[in-house]
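Structure in structure tokens, see below.
The values are calculated or read from the model by the stated rules, or taken from the named source; none is laboratory data. In this text, all values refer to a predicted model and were calculated from it rather than measured experimentally. Cβ coordinates were reconstructed from backbone atoms using ideal geometry, including for glycine residues, and neighbour counts include every protein chain displayed.
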Amino acid sequence: MFNHDKRDLDYALAFTELYQSEPDKALREAKCLKMQVPYILEDICEDDLVVGYMRHGFVGFSPQYGGVYTYYFHDDKVEEVLKHLENELSPDYIEQVNRMSLFWAKENTLCKVKERYYQKYPMKDDIRASYYYNACRIAGMNVDLDLLVHTGLNGLKKRVQSYRTANGASTFYDALEQSIDVISEACLLYANKARVQIRTASMKRKAQLEEIICTLEHIAVEAPRTFKEALQLMWIYSVCSDLMNFGRMDHYLGDFYARDIDSGRLTEDEAIDYLSSLFRNIIKINKIHDSRIIIGGLGRKDVQAADRLALVLIKVARLVKDVVPQLTLRYYDGICEKLVDEALINIQEGAVYPILYSDDAIVPSIEKIYAVDHQMACRWVPFGCGEYVIEGYGTATPNTGAIISTALDVVLHRGINSFSGIREAEDCGDPAEFETFEDLFRAYESILKPVCESMAYHEQLNYEVAGEEACYLHLSLLIHDCVETNQPIFSGGCRFLTATSEVFGLITCADSLMAIKHCVYDNKIFTLPQIVKMCDANFVGYEKERSILQGAPKYGNDDDEADNMAIRVFNHIADLHEEAGAHTNLYRYKVVSVNNSGSSERGERTAATPCGRKKGDALSNGNSPSLGADKNGLTATLNSMAKIDPLRHVGVVHNIRFNKELLKNNTDKIKMVLKTFYENNGIQTNLSCVGKEDLEQALLFPERYKNLIVRIGGFSARYVELSKVIQQEILLRTTYEEL
């Protein structure tokens with residue numbers, strides 16, 4: 001323990017010294033990567049067929065690692081080690097470490113973004129509104145892995161040299177070449193690790209390690225020739241670059257797979273073993289909100305070959321059942337029916353993958369949203385929790401979010417968050433004086449408009465500072481048009497520099513506004529102050545009144561009045577984001593409704609709402625109905641979901657949980673229901689087949705249900721490992737027992 005900790009401090013000091021010694025940001029990053037990558041690479045595990053794993057140090061460079069981006073510094077970890085070793089380190093050494101900590105306190109990229117943001121939007125009395133948030137990171141990068149595996153590292157280097165000849169010399173091009181060498185050296189490092197292991201390996205393992213060595217030594221220089229080589233190159237690049245989402249795997253590996261299978265060089269069982277090894281590596285990294293692998297969809301170059309690999313990937317997801325990778329199937333009219341059949345078998349057997357998306361709705365919307373042709377639109381992929389990005393050409397980091405149900409609460413309490421009692425906004429007016437529903441909606445709009453403007457600025461700033469700090473060399477290699485234009489990804493090289501903003505409590509807010517409109521303005525059952533008073537009492541003593549509010553029309557029942565309110569609320573927040581984004585240098589700034597656990601966690605800190613939801617209960621998740629509000633069955637729920645215009649967002653989540661018997665005995669009918677949903681502009685479905693009884697038993701006997709996996713919204717998890725509030729929210733979701 002001592003040597004390891006001291007080694008981490010030594011490395012941090014050396015990394016800092018190297019960082020300070022090079023003023024050119026491109027060369028500095030290349031040098032830092034050259035030092036960092038060998039240090040963070042871990043040994044080969046006994047069952048690895050696809051090798052590569054990392055652990056991060058106290059200081060370093062990363063595009064996306066853990067939400068800490070560009071140059072980061074973990075002062076808490078440094079302090080912990082100093083405390084542990086305080087009696088064994090010299091005063092001079094401790095002073096060096098303290099100077100390093102003071103340097104990074106101002107130099108790390110996260111601090112630079114915050115400092116510049118607060119110059120324009122200073123916090124008032126150190127109080128920050130609870131109905132929106134800003135984060136600092138780069139997320140969801142999906143690079144051109146097809147270019148990587150079909151060009152190889154040496155081909156990428158020749159590509160850089162070709163564009164340097166055309167555009168002129170630059171330190172950016174020099175650094176790109178050096179960053180390629182870092183990946184090549186990582187391949188050779190692992191080849192040497194494998195040689196060491198061969199000495200004591202069993203005969204079976206020795207043969208595996210010999211093949212691993214040959215693979216690594218080849219891809220260190222030349223383009224992959226086989227499926228195994230292409231898979232390994234994709235992974236070693238991902239490890240070195242901290243890539244968290246792995247794109248259209250059947251598209252970029254399908255031809256390798258089909259060719260090797262047809263030639264007899266590879267068997268399906270071998271492919272399953274290698275892909276299972278890849279899945280285990282992804283599981284070990286434990287990025288549960290990312291780790292997407294995409295299959296299916298329009299625009300694949302060899303559909304038959306891709307489908308063959310896609311079927312194997314579905315099978316691997318069934319065999320290596322875990323919370324990641326997030327296998328995602330892009331559905332379209334004319335898709336290979338066996339892919340859908342196998343996907344539903346996975347769900348029936350308790351997996352939550354693949355997730356289904358509809359290209360028939362999404363591709364046309366991408367064409368219009370991004371103003372691109374059909375071919376480019378077909379490059380879309382969902383990443384992370386489900387946000388869209390154009391693979392190899394775009395960014396779409398989701399760093400901001402609006403909790404609009406809380407914003408409504410603040411409006412109804414004249415600028416005060418009734419849960420915390422803290423003033424968070426200017427007085428929007430006395431609810432007693434809102435003579436019409438439109439008066440209330442204008443007040444609601446007034447509180448969100450400046451918030452969206454500040455969030456858009458923060459998204460722009462997030463990219464700007466990242467671009468000032470580094471070139472993101474490994475990403476720039478495979479994002480167009482960086483190499484082509486001699487511009488790093490966040491300094492003009494990315495063709496579609498977009499950002500996304502999360503919306504929480506969307507349907508909770510819409511149902512609340514609908515209840516107010518129905519009970520106050522349309523039917524004069526209550527006054528608005530009376531509803532506010534009921535919410536403030538958490539409906540204690542107002543049980544009858546609460547049932548009336550709950551009985552107002554609700555989204556999720558194919559009720560046009562309620563669904564139109566949800567559409568209005570959705571379109572309104574989408575409009576505010578688009579308007580705010582138009583005043584930045586972002587290509588697009590769009591909303592998503594792909595809630596992860598935040599709908600439950602933020603619900604814990606949200607007062608009772610006019611829809612009848614009690615204080616602390618979960619908010620609605622994604623575009624799914626409020627808990628228990630969908631009363632008219634699956635078809636009605638899907639009809640409501642399909643009414644949200646796909647042009648107004650770049651990602652939504654719909655949670656659908658079947659009874660086990662329903663899916664087992666009605667597979668063909670369910671396929672038809674889903675097909676109809678997608679034909680009617682339905683976007684996405686998180687399908688699961690976990691009985692309510694299983695969830696209840698898991699709460700009573702968690703030791704028996706350690707591997708019960710559930711879909712939360714934008715990610716999955718083991719049910720027994722979730723917090724109580726999230727467990728309760730999932731338990732209360734509707735389980736469809738009939739069609």
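How many residues, within the stretch 236-270, are within 27 Å of the chain's Cα centre (by Cα) and closer than 19 Å to residue 306 by Cβ?
Summing the residues that are within 27 Å of the chain's Cα centre (by Cα) and closer than 19 Å to residue 306 by Cβ in the stretch 236-270 gives 10.
Of all residues in the stretch 449-480, how many are outside any loop (DSSP other than H, G, I, E, B), over 19 Å from residue 592 (Cα atoms) and among the small types (Gly, Ala, Ser)?
Number satisfying all stated conditions: 3.
Filter the stretch 429-463 down to the residues that are free of Cβ contacts under 8 Å to residues at least 60 places away in the same chain and among the charged types (D, E, K, R) and list them by number.
Hits for the stretch 429-463 are 430, 433, 435, 438, 439, 442.
May I pose another question? I'd like to verify a number: residues in the stretch 201-221 that are in contact with a Leu (Cβ under 8 Å, 6 or more places away or on another chain) and in a loop (DSSP other than H, G, I, E, B), how many?
Within the stretch 201-221, residues that are in contact with a Leu (Cβ under 8 Å, 6 or more places away or on another chain) and in a loop (DSSP other than H, G, I, E, B) number 3.
What residue, of 60, 52, 66, is under 28 Å from residue 245 (Cβ atoms), free of Cβ contacts under 8 Å to residues at least 12 places away in the same chain and among the small types (Gly, Ala, Ser)?
When all the criteria are applied, what remains is 66.
Moving on to the next point. Regarding residue 410, is this residue out of contact with any Pro (no Cβ under 6 Å at 6 or more places or on another chain), in contact (Cβ under 8 Å) with a residue 40 or more places away in the chain, closer than 21 Å to residue 508 by Cβ and assigned to a helix (DSSP H, G or I)?
yes
Exactly one of these conditions fails for residue 662: (1) at pLDDT 95 or above; (2) assigned to a helix (DSSP H, G or I); (3) touching a strand residue (DSSP E or B) at 6+ places or on another chain (Cβ under 7 Å). Give me its number.
Every condition holds for residue 662 apart from (1).
Residue check: is residue 301 over 25 Å from residue 280 (Cβ atoms) and not aliphatic (A, V, I, L, M)?
For residue 301, the condition - over 25 Å from residue 280 (Cβ atoms) and not aliphatic (A, V, I, L, M) - is met.
Rundown of residues vs (1) in the same structural domain as residue 588 (by TED's automatic domain parsing); (2) among the charged types (D, E, K, R); (3) surrounded by fewer than 20 Cβ atoms within 10 Å (Cβ to Cβ); (4) in contact (Cβ under 8 Å) with a residue 40 or more places away in the chain, yes/no style:
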| site | (1), (2), (3), (4) |
| --- | --- |
| 632 | yes, no, yes, yes |
| 659 | no, no, yes, yes |
| 679 | no, yes, yes, yes |
| 692 | no, yes, yes, yes |
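Still on this structure, I have one more. For residue 645, only one of the following conditions fails: (1) crowded, with 18+ Cβ neighbours inside 10 Å; (2) at pLDDT 95 or above. What is its number?
Result: residue 645 fails condition (1) only.
Whether any residue in the stretch 416-430 is farther than 17 Å from residue 509 by Cα, among the small types (Gly, Ala, Ser), touching a helix residue (DSSP H, G or I) at 6+ places or on another chain (Cβ under 7 Å) and surrounded by fewer than 19 Cβ atoms within 10 Å (Cβ to Cβ) is what I want to check.
Scanning the stretch 416-430, I find at least one residue that is farther than 17 Å from residue 509 by Cα, among the small types (Gly, Ala, Ser), touching a helix residue (DSSP H, G or I) at 6+ places or on another chain (Cβ under 7 Å) and surrounded by fewer than 19 Cβ atoms within 10 Å (Cβ to Cβ), so the answer is yes.
Go over the candidates 223, 230 one by one and state the one that is within 30 Å of residue 329 (Cβ to Cβ) and in contact with a Pro (Cβ under 6 Å, 6 or more places away or on another chain).
Every option except 230 fails the conditions.
Another question about this same structure. Quick check, is residue 638 within 15 Å of residue 685 (Cβ to Cβ), among the hydrophobic types (A, V, I, L, M, F, W, C), outside any loop (DSSP other than H, G, I, E, B) and at pLDDT 95 or above?
yes
A follow-up question, please. Where residues in the stretch 413-448 are assigned to a loop (DSSP other than H, G, I, E, B) and among the hydrophobic types (A, V, I, L, M, F, W, C), which of them is farthest from residue 131 (Cα to Cα)?
434
Taking the conditions exactly as written (basic (Lys, Arg), part of a loop (DSSP other than H, G, I, E, B) and out of contact with any Gly (no Cβ under 7 Å at 6 or more places or on another chain)), does residue 675 satisfy them or not?
Here the answer is no, as residue 675 does not meet what is asked.
Just checking: which of the helices (runs of 4 or more DSSP H) contained wholly in the stretch 286-397 hold 3 or more residues that are touching a strand residue (DSSP E or B) at 6+ places or on another chain (Cβ under 9 Å) and crowded, with 24+ Cβ neighbours inside 10 Å?
Because the criterion is at least 3 residues that are touching a strand residue (DSSP E or B) at 6+ places or on another chain (Cβ under 9 Å) and crowded, with 24+ Cβ neighbours inside 10 Å, the helices (runs of 4 or more DSSP H) in the stretch 286-397 that meet it are 303-319.
Still on this model: Assuming residue 396 fulfils every condition listed in (1) at pLDDT below 95; (2) out of contact with any helix residue (DSSP H, G or I) (no Cβ under 9 Å at 6 or more places or on another chain) apart from one, which condition is it?
If we test residue 396 against (1) at pLDDT below 95; (2) out of contact with any helix residue (DSSP H, G or I) (no Cβ under 9 Å at 6 or more places or on another chain), just (1) comes out false.
Let me ask you something else. Would you be able to say whether some residue in the stretch 98-109 is at pLDDT below 90 and not assigned by TED's automatic domain parsing to the domain that holds residue 604?
yes
State all residues of the stretch 272-297 that are farther than 19 Å from residue 142 by Cα and touching a helix residue (DSSP H, G or I) at 6+ places or on another chain (Cβ under 7 Å); if no residue qualifies, say none.
272, 274, 275, 276
It is to be established whether one or more residues within the stretch 267-282 are under 22 Å from residue 387 (Cβ atoms) and not in a strand (DSSP E or B).
yes
How about the stretch 17-37: which of its residues are part of a helix (DSSP H, G or I) and in contact with a Lys or Arg (Cβ under 8 Å, 6 or more places away or on another chain)?
Selection gives 18, 19.
Something else about it: Check 166, 175 and return the single one that is among the aliphatic types (A, V, I, L, M), free of Cβ contacts under 8 Å to residues at least 12 places away in the same chain and more than 27 Å from residue 256 (Cβ to Cβ).
Exactly one of 166, 175 is among the aliphatic types (A, V, I, L, M), free of Cβ contacts under 8 Å to residues at least 12 places away in the same chain and more than 27 Å from residue 256 (Cβ to Cβ), namely 166.
In the set 524, 554, which member is assigned to a loop (DSSP other than H, G, I, E, B) and surrounded by fewer than 16 Cβ atoms within 10 Å (Cβ to Cβ)?
When all the criteria are applied, what remains is 524.
Table: residues versus (1) crowded, with 18+ Cβ neighbours inside 10 Å; (2) over 30 Å from residue 639 (Cβ atoms); (3) without any contact (Cβ under 8 Å) to a residue 60 or more places away in the chain.
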| site | (1), (2), (3) |
| --- | --- |
| 504 | yes, no, no |
| 516 | yes, no, no |
| 520 | yes, no, no |
| 533 | no, yes, yes |
| 544 | no, yes, yes |
| 586 | yes, yes, no |
| 595 | yes, no, no |
| 599 | yes, no, no |
| 602 | yes, no, no |
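Let me ask something additional. Check the stretch 289-298 and report whether any residue there is in contact (Cβ under 8 Å) with a residue 24 or more places away in the chain, within 23 Å of residue 474 (Cα to Cα) and among the acidic types (Asp, Glu).
The answer is yes, given that some residue of the stretch 289-298 is in contact (Cβ under 8 Å) with a residue 24 or more places away in the chain, within 23 Å of residue 474 (Cα to Cα) and among the acidic types (Asp, Glu).
Anything in the stretch 170-186 that is out of contact with any Lys or Arg (no Cβ under 8 Å at 6 or more places or on another chain) and more than 20 Å from residue 61 (Cα to Cα)? List them, or say none.
Correct list: empty.
Give the number of residues within the stretch 169-200 that are in a helix (DSSP H, G or I), among the hydroxyl-bearing types (Ser, Thr, Tyr) and within 18 Å of residue 211 (Cβ to Cβ).
Qualifying residue count, the stretch 169-200: 1.
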